[in-house]
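> Supplied in structure tokens, the structure appears directly below.
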Amino acid sequence: MCYCINKKKRMLPYFIILLTVIIIAFIANSYKKTVKIYNFYKFLILSILTLFAGLRNRSVGTDTSGYVGTYLRKDLDFLSIINGDSRIEFGYKLLENVALIFSEQYVALLITISFVTVYFQLKGIYKLSEQTAISLFVFITFGIYTYVFNGARQALAAGIFVYAMTFLIQGNFKKYVLWIIVASFFHKSVLFGIPLYFLFRTKFSTKLFFFLILATVGVTVFFNMLISYMSLFSEQYAKYQDIQATGGAYLTLAFTLLSLFFVLIRSKVHRKFKKNYDVYLNMFLVGTMIYLIIFFSEAYIEMTRIAFYYILTAMFIWPIIFKSLQQKEIALVFMFFMIVHVFFFYFFIGKMANLNPYIVNPQILNLLQ
């Protein structure tokens with residue numbers, strides 16, 4: 001009993017951040033017509049999220065210690081990146097060197113990573129979301145924000161990808177590709193978003209839905225061939241063929257059920273939102289496909305990280321749903337929404353990515369004494 005209470009207390013900082021950001025977002029919404037005040041609240045949200053992620057101890061996040069170790073050793077140089085002698089992308093190395101300008105302490109690295117990631121994520125949210133507070137709630141509870149605590153390079157790529165989505169929605173292929181290429185300087189896996197551009201912008205239909213199901217079955221059957229293709233982008237994927245770490249059953253089930261819900265509720269979506277909704281829905285379905293393929297092919301579970309770019313569209317789907325529903329329908333859907341996301345958030349920070357407990361960087365505490 002005492003252990004459970006202590007565990008909940010250790011998770012409390014994440015819930016405090018969630019509540020604080022949502023309250024500020026609601027306050028900011030009432031000042032939308034007053035640009036300076038509205039921008040102040042936007043900056044406040046950016047600062048809170050950046051500092052919470054940036055001031056953490058190196059023990060928070062599975063991969064954090066590895067990034068910190070590389071930063072402190074300074075054992076990578078630009079020449080090794082340019083010559084292709086390192087699997088670390090050029091953009092990340094550049095960002096690492098920018099952080100070194102401010103400090104050799106790893107707090108500079110974590111704050112720099114957090115700022116760039118969160119900046120682009122929020123930029124995309126403010127441009128695309130129909131209800132900012134709802135998007136921010138999903139952004140935090142769905143593990144999109146806390147992803148930067150773990151996979152820093154991919155989080156940076158995903159942050160820029162969120163901004164690239166603004167051009168996907170506009171139908172501006174050239175700018176979409178440009179920003180995807182920029183994102184690839186941090187993680188090459190984002191490049192898969194380029195050939196999927198036309199699929200994402202296809203109007204959702206029953207025919208498309210069954211095509212995606214058949215594609216899931218087909219890719220699962222020919223999975224080894226796909227891995228060979230992916231290894232052209234990164235040697236890391238070639239290594240995944242020999243790793244037998246499977247899992248992700250609960251996440252696969254959760255995303256599958258959520259996908260079905262988004263498909264079924266599409267009929268309720270107002271026609272003025274339907275075109276954008278279809279883009280987000282198609283992307284979410286592709287993300288779910290990846291989870292299903294990895295799960296049924298019993299491949300290395302870490303490969304599901306590719307799905308992250310597409311699963312994050314949930315933060316744009318939910319605001320459209322709430323904007324479209326009639327007043328009498330909102331209560332039940334909102335209850336479902338809260339239960340799903342709060343439970344997911346609790347499970348994610350409690351069980352995954354080594355996020356719990358949240359510990360402040362002791363170097364910061366020493367400076368304050």
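Let's see how each residue does on (1) in contact with a Gly (Cβ under 7 Å, 6 or more places away or on another chain); (2) farther than 25 Å from ASN354 by Cβ; (3) free of Cβ contacts under 8 Å to residues at least 12 places away in the same chain:
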residue: ILE27; (1), (2), (3): no, yes, no
residue: LYS36; (1), (2), (3): no, yes, yes
residue: LEU44; (1), (2), (3): no, yes, no
residue: THR50; (1), (2), (3): no, no, no
residue: LEU55; (1), (2), (3): no, no, no
residue: SER65; (1), (2), (3): no, no, yes
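> May I ask you to say which residue of SER129, SER135 is small (Gly, Ala, Ser) and within 14 Å of the chain's Cα centre (by Cα)?
Numbers: SER129 fails: within 14 Å of the chain's Cα centre (by Cα).
Exactly one of SER129, SER135 is small (Gly, Ala, Ser) and within 14 Å of the chain's Cα centre (by Cα), namely SER135.
> Please state which one of ILE180, ILE194 is within 16 Å of the chain's Cα centre (by Cα) and free of Cβ contacts under 8 Å to residues at least 40 places away in the same chain. Before you say what the answer is, go through the steps one by one.
Numbers: ILE194 fails: within 16 Å of the chain's Cα centre (by Cα).
Checking each option against the conditions leaves just ILE180.
> Are any residues in segment 217-267 crowded, with 16+ Cβ neighbours inside 10 Å, modelled with pLDDT under 90 and among the hydroxyl-bearing types (Ser, Thr, Tyr), and if so, which ones?
If the condition is that a residue be crowded, with 16+ Cβ neighbours inside 10 Å, modelled with pLDDT under 90 and among the hydroxyl-bearing types (Ser, Thr, Tyr), then THR220, SER234, TYR237, TYR240, THR252 are the ones that fit.
> In addition: Taking the condition among the aliphatic types (A, V, I, L, M), at pLDDT 85 or above, surrounded by 17 or more Cβ atoms within 10 Å (Cβ to Cβ) and assigned to a helix (DSSP H, G or I), does LEU49 pass? Break it down into steps so the answer makes sense when it comes.
On the way: among the aliphatic types (A, V, I, L, M): yes; at pLDDT 85 or above: yes; surrounded by 17 or more Cβ atoms within 10 Å (Cβ to Cβ): yes; assigned to a helix (DSSP H, G or I): yes.
Judged against the criteria, LEU49 is a match.
> Show the residue pairs meeting these rules: Cβ distance below 7 Å; 6+ apart or different chains; first residue within segment 197-224 and in contact (Cβ under 8 Å) with a residue 60 or more places away in the chain and on the phi < 0 side of the Ramachandran plot; second residue among the acidic types (Asp, Glu) and surrounded by 10 or more Cβ atoms within 10 Å (Cβ to Cβ).
Hits for this filter: LYS203/ASP278; PHE204/ASP278.
> A further question follows. Could you list, in sequence order, the residues of segment 158-177 that are free of Cβ contacts under 8 Å to residues at least 24 places away in the same chain and surrounded by 18 or more Cβ atoms within 10 Å (Cβ to Cβ)? Explain how you work it out, then say what you get.
Residues of segment 158-177 that are free of Cβ contacts under 8 Å to residues at least 24 places away in the same chain, as a first pass: 167, 170, 172, 174-177.
Passing the criteria: PHE167, TYR176.
The values are calculated or read from the model by the stated rules, or taken from the named source; none is laboratory data. Here the structure is a predicted model, which is why all the values come from computation and not from measurement. With ideal geometry, Cβ positions are generated from the backbone for all residues, glycine too; neighbour counts draw on all protein chains shown.
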